[in-house]
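*Asks:* A single structure is presented below for examination.
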Amino acid sequence: MTNSLQPHGHNRAPLPPHHTSTTGVPSPRSPENHQKNPQNSQMPQARQKQHKQRDSFFDNAKYLAIVLVAIGHAWEPLKGDSRVLQATYMFVYAFHMPAFIVISGFFSRSFDASPSRLKRLVTGVAVPYIVFETAYPLFKRAVDDAPDQDISLLDPWYLTWFLCALFVWRLTTPLWKTVRWPLPLALGIAMLASVTPNIGDDLDLQRVLQFLPFFVMGLTMKAEHFRLVRRRSVRIAAVPVFACALAFAWWAVPRMNAAWFYHRDSAQELNSPWWVGPVMVLAMFGCSMVLTACFFAWVPGRRMWFTALGAGTLYGYLLHGFLVKGGDYTGWFDQDWLHRPLGEVFVTVLAGVVVTLLCTKPVQRVFRFAMEPKMEWAFKRDAAELAREREKAGAGAERREKVNA
């Protein structure tokens with residue numbers, strides 16, 4: 001007898017498994033968990049929880065990358081007085097956001113535009129974008145005495161460009177999983193964007209398109225690729241590579257416009273010939289991926305004291321901007337002692353400590369209403385989820401009837 005002729009009830013075909021949705025920056029699970037396992041439904045509950053444990057390596061990488069992001073932002077008001085700091089700034093900017101974006105792409109591979117995934121995309125990315133795109137200009141009005149500061153959802157302000165980009169990238173994930181050569185296509189789009197000054201500032205599309213290859217690279221990577229760069233030989237090779245990159249950055253300080261690392265302008269806007277744009281896109285993609293691989297090689301794979309903070313990196317990312325901008329508006333960075341070596345070290349340590357605190361659980365609980373709102377009232381219930389609940393309720397009622405009998 002075929003399944004279509006079987007009676008309805010507890011004997012019908014099982015419902016599709018429930019997908020754990022992700023936040024704005026995907027929650028890293030063990031890469032092996034993404035493989036379909038038909039025996040998962042029969043796995044004991046305790047073992048399932050262990051099976052779904054977060055992968056320490058990716059949490060560590062996210063935390064370390066976000067610390068570098070915060071330190072880089074804290075260096076920005078100080079770097080003009082020190083060639084060493086400018087070189088270190090360029091060095092860090094070459095790979096800290098690419099590393100973060102590659103991880104985001106890697107954990108976006110399961111995005112399939114299903115209702116549950118789209119719901120999490122709205123609540124974990126779109127809503128925080130709207131909240132902070134409004135909050136930052138209001139903060140500037142209050143602290144910097146700038147009543148004419150406009151609020152615009154079309155022009156990402158300071159750090160919010162990443163949320164806008166992540167929303168676009170993740171929506172296009174099914175396309176990148178369909179095309180035959182996703183990475184060359186993404187690089188081609190980034191190269192075209194670098195010679196198109198008319199793109200404008202709406203939704204920060206220059207950054208969305210020029211950083212796109214790093215997201216697509218993450219989509220195309222597999223767990224074994226991360227294991228390859230974590231070999232001992234790669235860790236050893238990363239030391240001279242980092243040293244050469246720092247030396248090159250020191251040489252390039254007076255010769256290269258650091259704005260290339262922001263990926264927010266076309267070649268013409270940086271006063272360069274149009275053909276320099278595509279060349280720089282390819283060159284910087286190659287350099288950034290090499291340094292990103294070296295960064296991953298030195299990320300610890302075991303559980304560390306900061307591993308749990310990897311789940312709160314989006315909080316640290318969006319919240320530390322208020323402190324950096326607040327210090328800039330109030331003139332805190334203008335103090336002479338901060339522009340000396342000991343002052344620069346102090347700012348570096350302070351930025352690392354502050355962003356670490358902003359990633360902690362207490363801060364997550366306070367700001368979860370803005371970063372991860374549930375918003376059940378705004379969405380229809382998923383049909384599969386409702387059917388699953390009815391099936392569970394029916395099974396529970398049947399067990400109770402047997403016990404009472």
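*Asks:* Out of everything in the stretch 357-405 that is at pLDDT 75 or above, closer than 30 Å to A308 by Cα and acidic (D, E), what residue ends up being surrounded by the most Cβ atoms within 10 Å (Cβ to Cβ)?
*Replies:* In this case the residue turns out to be E372.
*Asks:* For the stretch 345-360, check the following and say yes or no: at least one residue is farther than 23 Å from Y136 by Cα, in contact (Cβ under 8 Å) with a residue 40 or more places away in the chain and of a type outside the set (V, I, T).
*Replies:* Within the stretch 345-360, none of the residues are farther than 23 Å from Y136 by Cα, in contact (Cβ under 8 Å) with a residue 40 or more places away in the chain and of a type outside the set (V, I, T).
*Asks:* Restricting to the stretch 306-333, give me the number of residues that are surrounded by fewer than 21 Cβ atoms within 10 Å (Cβ to Cβ) and free of Cβ contacts under 8 Å to residues at least 60 places away in the same chain.
*Replies:* 3
*Asks:* Looking only at residues in the stretch 74-113 that are of a type in the set (S, T, N, Q) and outside any helix (DSSP H, G or I), which one is surrounded by the most Cβ atoms within 10 Å (Cβ to Cβ)? Steps first, please.
*Replies:* Restricting attention to the stretch 74-113, the residues satisfying the condition of being of a type in the set (S, T, N, Q) are 82, 86, 88, 104, 108, 110.
Keeping just the survivors that are outside any helix (DSSP H, G or I) gives 82, 108, 110.
Numbers: S82: 17, S108: 23, S110: 15.
The selected residue is S108.
*Asks:* Residue under question is V276, and the condition is that it be farther than 18 Å from L68 by Cβ, out of contact with any strand residue (DSSP E or B) (no Cβ under 8 Å at 6 or more places or on another chain), without any contact (Cβ under 8 Å) to a residue 12 or more places away in the chain and among the β-branched types (V, I, T); does it hold? Give the derivation first.
*Replies:* Details: farther than 18 Å from L68 by Cβ: yes; out of contact with any strand residue (DSSP E or B) (no Cβ under 8 Å at 6 or more places or on another chain): yes; without any contact (Cβ under 8 Å) to a residue 12 or more places away in the chain: yes; among the β-branched types (V, I, T): yes.
It is true that V276 is farther than 18 Å from L68 by Cβ, out of contact with any strand residue (DSSP E or B) (no Cβ under 8 Å at 6 or more places or on another chain), without any contact (Cβ under 8 Å) to a residue 12 or more places away in the chain and among the β-branched types (V, I, T).
*Asks:* Which one is farthest from the chain's Cα centre (by Cα), of the residues in the stretch 325-382 that are under 26 Å from G124 (Cβ atoms) and aromatic (F, W, Y)?
*Replies:* Only one residue tops the list, namely W377.
Residues checked against (1) free of Cβ contacts under 8 Å to residues at least 60 places away in the same chain; (2) of a type in the set (S, T, Y); (3) more than 28 Å from L175 (Cβ to Cβ); (4) touching a Leu at 6+ places or on another chain (Cβ under 9 Å):
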| site | (1), (2), (3), (4) |
| --- | --- |
| E224 | yes, no, no, no |
| V239 | yes, no, yes, no |
| A243 | yes, no, yes, no |
| A247 | yes, no, yes, no |
| W250 | no, no, yes, no |
| V253 | no, no, yes, no |
| W260 | yes, no, no, yes |
| S266 | no, yes, no, no |
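*Asks:* Can you name every residue in the stretch 132-152 that is closer than 24 Å to H320 by Cβ and outside any helix (DSSP H, G or I)? Step through it out loud before you land on a result.
*Replies:* Filtering the stretch 132-152 for residues closer than 24 Å to H320 by Cβ gives 132-146, 149-152.
Selection gives D144, D145, A146, Q149, D150, I151, S152.
*Asks:* Okay, moving on. Tally the residues that are more than 18 Å from the chain's Cα centre (by Cα) and among the polar types (S, T, N, Q), restricting the search to the stretch 167-184.
*Replies:* Total satisfying the criteria: 1.
*Asks:* When the residues of the stretch 251-289 are filtered to those that are β-branched (V, I, T) and surrounded by 16 or more Cβ atoms within 10 Å (Cβ to Cβ), which remaining residue is nearest to A223 (Cα to Cα)? Show your work before the answer.
*Replies:* So the first thing to find is which residues in the stretch 251-289 are β-branched (V, I, T), and the list is 253, 276, 279, 281.
Then keep just the ones that are surrounded by 16 or more Cβ atoms within 10 Å (Cβ to Cβ); that gives 253, 276, 281.
Working: V253: 36, V276: 35, V281: 26 Å.
The extreme case among them is V281.
*Asks:* From (1) part of a helix (DSSP H, G or I); (2) within 16 Å of the chain's Cα centre (by Cα); (3) modelled with pLDDT under 90, pick out the condition that doesn't hold for S116.
*Replies:* (2)
*Asks:* Still on this structure, please answer the following. Check whether at least one residue in the stretch 50-63 is in a helix (DSSP H, G or I), polar (S, T, N, Q) and modelled with pLDDT under 50, and report yes or no. Give the derivation first.
*Replies:* We begin by selecting, within the stretch 50-63, every residue in a helix (DSSP H, G or I); these are 50-51, 56-63.
Going one step further and asking which of them are polar (S, T, N, Q), we end up with 50, 56, 60.
Now narrow it down to the ones that are modelled with pLDDT under 50: 50.
Looking for residues that are in a helix (DSSP H, G or I), polar (S, T, N, Q) and modelled with pLDDT under 50, one finds at least one in the stretch 50-63, hence yes.
*Asks:* Further question on the same structure: Say we look at the stretch 290-305 and pick out the residues that are surrounded by 17 or more Cβ atoms within 10 Å (Cβ to Cβ) and of a type in the set (A, V, I, L, M); which of these is farthest from R232 (Cα to Cα)? Working first, answer last.
*Replies:* Step one: of the stretch 290-305, the residues surrounded by 17 or more Cβ atoms within 10 Å (Cβ to Cβ) are 291-297, 299.
Add one more test, that the residue is of a type in the set (A, V, I, L, M), and what stays is 291, 293, 297, 299.
On the way: L291: 16, A293: 13, A297: 8, V299: 12 Å.
Residue satisfying both the conditions and the ranking: L291.
*Asks:* Could you check Y129 against (1) among the hydroxyl-bearing types (S, T, Y); (2) touching a residue at least 60 places away in the same chain (Cβ under 8 Å); (3) in a helix (DSSP H, G or I) and say which number it fails?
*Replies:* Answer for Y129: the failing condition is (2).
*Asks:* Please specify each residue of the stretch 185-214 satisfying the condition of being over 22 Å from the mean Cα position of the chain (by Cα) and in a helix (DSSP H, G or I).
*Replies:* Initial filter on the stretch 185-214 (over 22 Å from the mean Cα position of the chain (by Cα)): 188, 191-192, 194-200.
Passing the criteria: G188, M191, L192, P197, N198, I199.
*Asks:* If you take the residues in the stretch 153-181 that are outside any loop (DSSP other than H, G, I, E, B) and among the aliphatic types (A, V, I, L, M), which one is farthest from R117 (Cα to Cα)? Walk me through it before giving the result.
*Replies:* If we filter the stretch 153-181 for residues that are outside any loop (DSSP other than H, G, I, E, B), which is where we start, we get 158-171, 173-176.
When the remaining residues are screened for being among the aliphatic types (A, V, I, L, M), the result is 159, 163, 165-166, 168, 171, 175.
Values: L159: 24, L163: 16, A165: 17, L166: 14, V168: 14, L171: 10, L175: 16 Å.
So, considering only residues that are outside any loop (DSSP other than H, G, I, E, B) and among the aliphatic types (A, V, I, L, M), the one farthest from R117 (Cα to Cα) is L159.
The values are calculated or read from the model by the stated rules, or taken from the named source; none is laboratory data. What you see is a predicted model; the values in this text were computed from it and never measured. Counting neighbours? That spans all protein chains shown, and the Cβs are built from the backbone with ideal geometry, glycine included.
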